[in-house]
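Here's the structure, in structure tokens; my notes come after.
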Amino acid sequence: MSTREKIASYLEGSEALLLEPEIFDDAIIGITERADGGQLVAYDRTRVIDILEAQGMSRDEAEEYYSFNTCGAWVGEGTPIFVDTRWAE
């Protein structure tokens, strides 16, 4: 069972959304929980940008795309969150 399948199964019935199938799965770092019982899928910001870059974008293009089309896209309460792990190194 893939990471995506495991997470989708775990979050069944939840409003949590996943990014494009199989494209960003390697950037998933976990599931968050809120006090109200809500759960969201958490992605590593740097990994998302690296994946965009690997698809042929320059680093600047990937950063801009991420800012406006990924992190900047609010699609409701289940919108994924993005964690900047650079500060944890």
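The values are calculated or read from the model by the stated rules, or taken from the named source; none is laboratory data. Please read these numbers as outputs of a predicted model, since none were measured by experiment. Positions of Cβ are backbone-derived with ideal geometry, glycine not excepted, and every protein chain shown enters the neighbour counts.
Results, tabulated for the structure shown:
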quantity: Failed item, numbered, when Asp60 is tested on (1) under 27 Å from Tyr10 (Cα atoms); (2) of a type outside the set (Ser, Thr, Tyr); (3) without any contact (Cβ under 8 Å) to a residue 12 or more places away in the chain; calculated: (1)
quantity: Pairs with Cβ under 9 Å, 6+ apart, first in the range 1-21 and basic (Lys, Arg), second in a helix (DSSP H, G or I); calculated: Arg4/Asp25
quantity: Every pair of residues 6+ apart whose Cβ atoms lie under 6 Å, when the first sits in the range 65-89 and is farther than 19 Å from Asp25 by Cα while the second is at pLDDT below 95 and in a loop (DSSP other than H, G, I, E, B); calculated: Glu77/Glu15
